[in-house]
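Heads up, the thing below is written out as structure tokens.
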């Protein structure tokens, strides 16, 4: 079968009996071939959300091979279980908008993974509040939008710049905005616009060492592990649902600059994982947490 027949179904609903049977049975009866299926019920402890999550990768016959048709097929099951169920065609590559300020390591890493085929997406454009990476964008044949924000810009100036980004997101039909070390605090309005479709890389192992120069703070405290955190963007600064984290061991012999170099490597890896899992439809929201089907 061609990739045009490959789909992923992601769903969440209250945990109850019969969900897997209903979903797999309906797909089977419709002539679909299930390639992979994963599920998780958050019911192990009293603090769980009581929700059930499922990701199914399947192939559909020609007459069902579009999202709208599959949606109609699932109307009754969706209503029966009160599901938030979504179909994703794997024939359509997700479209990413990358945003960056003056540190380009994550941007460069994502562009390399994209060009080398490790990240199966389309990248129509890069946005930055600085001009530094215009040549890098040009070397990849990408549009570069320099939307400056002078130091100390008033809230209305920042919001006007954000509206330019919002317009670009809509014009380019962007599925995911990646803040690849975009060092600006986003307004609540912008966060609401991007809800569930913006990922940030935080240069620290959250929740710890927030604010400026976290690696210097870590060095001053003599930490033995430093890390990075990729999370969804929310109006609560650096408090969004966490997608991925990783750490590297350090010791007293390293300088703050060494800490920074190690940390930047971790940031690249963590952000790339988070982006890949999102575009492969492996991340489901579970309140202020996430469920990751790897």
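Packing order of peptides 81-93, 125-137, 260-272, highest average first: 260-272, 125-137, 81-93 (average count of other Cβ atoms within 10 Å over each peptide's residues).
Taking every DSSP bridge with both residues inside the chain, close to 70 percent are antiparallel.
Taking 41 Å as R0, compute the FRET efficiency from the Cβ-Cβ separation of residue 246 and residue 37 and round it to 0.05. Plugging the Cβ-Cβ distance into 1/(1 + (r/R0)^6) gives 0.90.
Residue separation of residue 255 and residue 224 scaled by 0.36 nm, minus their Cα-Cα distance, works out to 9.9 nm of gained length.
Can you tell me how the range 1-106 classifies by the Cα gyration tensor, rounded, prolate or oblate, using a/c under 1.5 as the rounded cut? Oblate shape, in that a/c is at least 1.5 and b/c is the bigger or equal ratio.
For the peptides 33-44, 170-181, 277-288, the ranking by mean Cβ contacts within 10 Å, running from highest to lowest, is 170-181, 277-288, 33-44. Label-to-label distance, residue 294 versus residue 80, with points set 7 angstrom from Cα along the beta-carbon direction: 3.4 nm. Taking each DSSP H run with n ≥ 4 as -39500 (n - 2.57) and averaging over every residue of the chain yields -10000 deg cm²/dmol at 222 nm. Sorted fewest first by neighbouring Cβ atoms within 10 angstrom, 191, 32 come out as 191, 32. Highest average first, the peptides 50-63, 16-29, 142-155 ordered by how many other beta carbon atoms sit within 10 Å of their residues are 50-63, 16-29, 142-155. Sorted ascending by nearby beta carbons within 10 Å, beginning with the fewest, 74, 7 become 74, 7.
Values in this text are rule-based calculations from the coordinates and carry no lab data. Predicted model only: the values in this text are computed from it and were never measured. Here the Cβ is made from the backbone with ideal geometry for all residues, glycine too, and neighbour counts use every protein chain on show.
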